[in-house]
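Enquirer: Shown below is the structure under consideration.
A short reminder: the numbers here are calculations on the coordinates, not readings from a lab. Given the structure is predicted, the values throughout are model-derived calculations rather than measurements. Neighbour counts are summed over all protein chains in view; Cβ atoms, including those assigned to glycine, are modelled from backbone coordinates with ideal geometry.
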Amino acid sequence: QSALTQPASVSGSPGQSITISCTGTASDVGTYNLVSWYQQHPGKAPKLINYEGSKRPSGVSHRFSGSKSGNTASLTISGLQAEDEADYYCCSYAGNSGTLVLFGGGTKLTVL
Amino acid sequence: QVQLQESGPGLVKPSQTLSLACTVSGDSFSSSGYFWTWIRQHPGKGLEWIGYIYYSGSTYYNPSLKSRVSISVDTSKNQFSLKLSSVTAADTAIYYCARGVYSYFGVDIWGHGTTVTVSS
């Protein structure tokens, strides 16, 4: 099983909205609504910001929202702020016949 | 508040076994809704899931590492451990221990990470 596919980089200006895609297959993203998203600032551990496709942990801004269509999950960040500049990773359950858990390659978000 | 802290050597020689421990505070391994996992990140690269151990003791490993990996729990110390044998330079990475949530197979609590370099 291959890693999930994310764009290497995205950018946006403060106040704008951006969307990061995460493409898998019918064996992972397409079958299970078990996609989670993580934000990682340089030198820090990742932080869970979205799970089960569209849920947010307590304390995470409502500006972060997730969705899924077919084999592709998406993370939308609205009202971009400077502190949103970070790397973002998606992750999906892939069933117990293979790797079980797959990560995306990560997307670098630059706030212009 | 649940916290995780990795510990272990920062330098391992090629062909030797990498051994790391993760001390958990604020939670118990008997919590059925969680699993305890190791994830690594190669320098400047993305995340790679290594494997997990469930409260029952059952384990699941990344097939690409399965022949070299072992994860175990020491409940008396509230620790879980990672052993990775026959290491090479390709195993140089930041190693994170973390708590996973079984209902959605995501990771809600991460350790700070520890850098392990494989070099002679």
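Enquirer: Filter the stretch B:84-120 down to the residues that are part of a strand (DSSP E or B), away from every other protein chain (no Cβ under 14 Å) and buried (at least 16 other Cβ atoms within 10 Å of the Cβ) and list them by number.
Expert: B:LEU84, B:VAL116, B:VAL118
Enquirer: Out of the residues in the stretch A:7-39 meeting the condition of being at the interface with another protein chain (Cβ under 9 Å from one of its Cβ atoms) and surrounded by fewer than 19 Cβ atoms within 10 Å (Cβ to Cβ), tell me which one is nearest to the chain's Cα centre (by Cα).
Expert: Of everything passing the filter in the stretch A:7-39, A:ASN33 is nearest to the chain's Cα centre (by Cα).
Enquirer: Report, by residue number, each residue of the stretch A:66-96 that is within 14 Å of chain B (Cβ to nearest Cβ) and without any contact (Cβ under 8 Å) to a residue 24 or more places away in the chain.
Expert: Scanning the stretch A:66-96 gives a single hit, A:ASN96.
Enquirer: Starting from residues that are more than 8 Å from every other protein chain (Cβ to nearest Cβ) and within 12 Å of the chain's Cα centre (by Cα), keep the ones in the stretch A:40-54 and report whichever is surrounded by the most Cβ atoms within 10 Å (Cβ to Cβ).
Expert: A:ASN50
Enquirer: Of all residues in the stretch B:39-57, which are within 11 Å of chain A (Cβ to nearest Cβ) and either touching a helix residue (DSSP H, G or I) at 6+ places or on another chain (Cβ under 8 Å) or not β-branched (Val, Ile, Thr) (or both)?
Expert: B:ARG40, B:GLN41, B:GLY44, B:LYS45, B:GLY46, B:LEU47, B:GLU48, B:TRP49, B:GLY51, B:TYR52 - these are the residues of the stretch B:39-57 that are within 11 Å of chain A (Cβ to nearest Cβ) and either touching a helix residue (DSSP H, G or I) at 6+ places or on another chain (Cβ under 8 Å) or not β-branched (Val, Ile, Thr) (or both).
Enquirer: Only one of A:ALA82, A:ALA86, A:ALA3 is closer than 16 Å to B:ILE39 by Cβ and among the aliphatic types (A, V, I, L, M). Can you tell me which?
Expert: None of the others qualify; the one that does is A:ALA3.
Enquirer: Also, I was wondering about something else. Could you please give the count of residues in the stretch A:1-54 that are free of Cβ contacts under 8 Å to residues at least 60 places away in the same chain, outside any strand (DSSP E or B) and not small (Gly, Ala, Ser)?
Expert: 8
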